[in-house]
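K.L.:
I am attaching a structure below and will ask some questions about it afterwards.
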Amino acid sequence: MRINVIGGGPAGLYFALLMKRHAASHEVAVFERNPPDATFGWGVVFSGRTLSNLREADEVSHRRITASFETWDNVDVVLRDSKVTVRGNHFSGIARLRLLNILQERCAELGVELRFRAEVEDVDALAADCDLLVGADGVGSLVRERYAEDFRPALDAGRNKYIWYGTRRLFHGLTLIFRESDAGVFAAHSYKFSPAASTFIVECDEEAWARAGLGARTDEETRRYLGEVFARDLGGHELLSNNSKWINFLLVKNRKWSRGNVVLVGDALHTAHFSIGSGTKLAMEDSIALFRLFAAGRDVSSALAEFERTRRPVVEEYQQAAHESRLWFERARDYVRLPPLEFAFSLMTRSKRVTYESLRRRDPAFVAARDAALEG
Ligand SMILES: Cc1cc2nc3c(=O)[nH]c(=O)nc-3n(C[C@H](O)[C@H](O)[C@H](O)COP(=O)(O)OP(=O)(O)OC[C@H]3O[C@@H](n4cnc5c(N)ncnc54)[C@H](O)[C@@H]3O)c2cc1C
């Protein structure tokens, strides 16, 4: 088979390497507009279950990825000056760049043709030149746009603004911090993704953002302002920018997932709010699901139809959980008046996938303390 993949993010690279590993006779090319060492953002997180899927799909890359992991089981909820720790949550963090480098290396070893600095403009030409064209070109997908009449995408922007920073301050565990300034409530999602750095994503509602004048501040002024809001958490460390910009989360859904020999995967196909940390996982699991259909001997049209039929319900369940989570963060200013234990309980159960019972299994001491406080 001749396969062209547009986009060298986690979805595109992983699909390319799985197909090439399965049959060396496949001709697989990945077109990526950036050089190999360029990336946006800092670290990404995976939950425990994703890892067994990756191990089954390709043990070599799984070993390399897990060797670079920072792992933890605690979620720390910081509200004003109290910190509540909830245990029993299994997460791992890795630098996005490290993850991409591992996948690039593995592609190269297996003989995938990696074309960096190759911005695709003519999607039709690439589609005509192969048996399968994979649109793995991220949230702003050109492939999706080019065939919008077939895919019929639905795009919906979140109300909050967010910005993705890094810091040398090491947050051991997923640390969700809520601070108030004169302008409003600011939330930070932070976790260590390497021995030397943490991700630090800040989000706030439009009102707080406007009152703080963040639209008119330079990069340095913004980091200084947020550095003051989170001064007690950052412990003297500065926020690090990587061309960081304020954006609104964009929810992506598509009525159809393929047309002819063209299919979308990863963020081009669907997004899930970053507060449940599932974007990379979903992107790579799309690739596994699609790959398995080809490995089972299906032809292009039956594989693409079956991919949509079997994968859509899984994706929609995550999108629903992520949506609930996003709404919770959009209403954070209503919750910050809760007492710390109740606030942490509300935060932990926000996606409605974690229930009272499942939380009690994860961390009985936390649930007992919260119940006692509630009765008291
Ligand atoms: C603030 C934030 C925090 C996040 N945190 C997490 C997290 O903790 N855990 C998690 O799992 N996920 C997280 N995500 C989501 C995660 O980054 C994405 O879901 C994931 O990267 C999707 O992978 P992808 O391969 O589909 O797309 P991308 O990673 O976006 O890759 C698409 C690639 O296509 C290339 N491209 C686009 N157009 C063209 C073109 N025309 N020609 C050539 N190349 C092109 C781009 O350069 C890019 O390299 C977060 C996202 C955000 C915004």
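The values are calculated or read from the model by the stated rules, or taken from the named source; none is laboratory data. Computed from a predicted model, the values in this text were never measured in an experiment. Note that each Cβ is placed from the backbone with ideal geometry, even for glycine, and that neighbours are counted across all protein chains shown. Note: accessible area is taken over every heavy atom of the protein model, side chains too, but ligands, DNA and RNA are not part of it. Shrake-Rupley method; radii C 1.70, N 1.55, O 1.52, S 1.80 Å.
K.L.:
Share of antiparallel DSSP beta bridges in the chain, in percent to the nearest 5?
P.N.:
Around 70 percent antiparallel, to the nearest 5.
K.L.:
When a/c reaches 1.5 or more, the comparison of a/b and b/c decides; with that in mind, is region 147-244 rounded, prolate or oblate per its Cα gyration tensor?
P.N.:
Oblate, because a/c is 1.5 or more while a/b does not exceed b/c.
K.L.:
Could you derive backbone 3J(HN,Hα) for region 105-116 from the dihedral phi with the Karplus parameters 6.51, -1.76 and 1.60 (θ = phi - 60°), listing whole Hz in sequence and x where the residue is Gly or Pro?
P.N.:
Ordered by residue, 3J(HN,Hα) equals 4, 5, 4, 5, 4, 8, x, 6, 7, 9, 10, 8 Hz.
K.L.:
At 1.4 Å probe radius, can you tell me the per residue accessible area of region 1-156 in Å²?
P.N.:
44 Å²
K.L.:
Something else about it: Counting only pairs 8 or more residues apart or on different chains, how many lysine pairs in the chain have their Cα atoms under 30 Å apart?
P.N.:
24
K.L.:
Let me ask you something else. Per DSSP helix of 4 or more residues, -39500 (n - 2.57); summed, then divided by the residues of the chain. What does that give at 222 nm, rounded to the nearest 500?
P.N.:
Helices in the chain give a 222 nm mean residue ellipticity of -13000 deg cm²/dmol.
K.L.:
For the chain, rounded, prolate or oblate, judged on the Cα gyration tensor with a ≥ b ≥ c (square roots of eigenvalues), a/c < 1.5 rounded, else prolate if a/b > b/c?
P.N.:
Prolate is the answer for the chain, as a/c is 1.5 or above and a/b outweighs b/c.
K.L.:
In terms of the Cα gyration tensor, with a ≥ b ≥ c the square roots of its eigenvalues, is region 1-71 rounded because a/c is under 1.5, prolate because a/b exceeds b/c, or oblate?
P.N.:
Oblate shape, in that a/c is at least 1.5 and b/c is the bigger or equal ratio.
K.L.:
Here's something else I'd like to know. Report, to the nearest 10°, how far helix 279-295 tilts away from the longest principal axis of the Cα atoms in the chain, using its own Cα long axis and a range of 0 to 90°.
P.N.:
Tilt of helix 279-295: around 30 degrees.
K.L.:
Can you tell me, using C-alpha contacts under 8 Å and at least 6 residues apart, the relative contact order of region 36-193 as a whole percent?
P.N.:
Computed value for region 36-193: 30 percent relative contact order.
K.L.:
Compute the distance in nm between two label points, each set 7 Å from the Cα along the Cα-to-Cβ direction, one at Arg63 and one at Glu238.
P.N.:
Calculated label separation equals 4.1 nm.
K.L.:
Expressed as a whole percentage, what fraction of the accessible surface of the chain belongs to carbon and sulfur atoms when a 1.4 Å probe is rolled over the protein heavy atoms?
P.N.:
The nonpolar share, carbon plus sulfur, comes to 49 percent.
K.L.:
Solvent-accessible area per residue for region 162-258 at a 1.4 Å probe radius, Å²?
P.N.:
43 Å²
K.L.:
So, taking all protein chains as they sit and a 1.4 Å probe, how much accessible area belongs to Ser181, in Å² rounded to tens?
P.N.:
That residue has around 40 Å² of solvent-accessible surface.
K.L.:
Could I ask something else about it? When Lys and Arg each count +1 and Asp and Glu each count -1, what net charge do the other residues less than 14 Å away from Leu338, Cβ to Cβ, add up to?
P.N.:
Charge balance in the 14 Å sphere: +3.
K.L.:
Please work out the C-alpha center-to-center distance from region 19-84 to region 195-230 and express it in whole Å.
P.N.:
Between the Cα centre of region 19-84 and that of region 195-230, the gap is 27 Å.
K.L.:
With the contact rule set at Cα under 8 Å and sequence spacing of 6 or more, what percent relative contact order holds for the chain?
P.N.:
The value is 20 percent.
K.L.:
Please identify which residues in region 142-166 have an amide N closer than 14 Å to a label point set 7 Å out from the Cα of Asn248, following the Cα→Cβ vector.
P.N.:
155-162
K.L.:
Over region 251-376, what is the relative contact order in percent, taking alpha-carbon pairs closer than 8 angstrom and at least six residues apart?
P.N.:
So the answer I get is 20 percent.
K.L.:
Local charge sum around Leu54 (other residues, Cβ-Cβ under 15 Å, Lys/Arg +1, Asp/Glu -1)?
P.N.:
Net charge around Leu54: +4.
K.L.:
Stretch His22-Thr71 to full length: gain in nm at 0.36 nm per residue minus the Cα-Cα span?
P.N.:
Full extension from His22 to Thr71 adds 14.6 nm.
K.L.:
Same structure again: Of Asp286, Asp124, Asp182, which is the most mobile in a GNM of the chain whose springs link Cα atoms less than 10 angstrom apart?
P.N.:
Sorting by GNM fluctuation, first place goes to Asp182.
K.L.:
Please give me the summed charge of the neighbours of Ala38: other residues whose Cβ is under 12 Å from its Cβ, Lys and Arg +1, Asp and Glu -1.
P.N.:
With Lys, Arg at +1 and Asp, Glu at -1, the net is +1.
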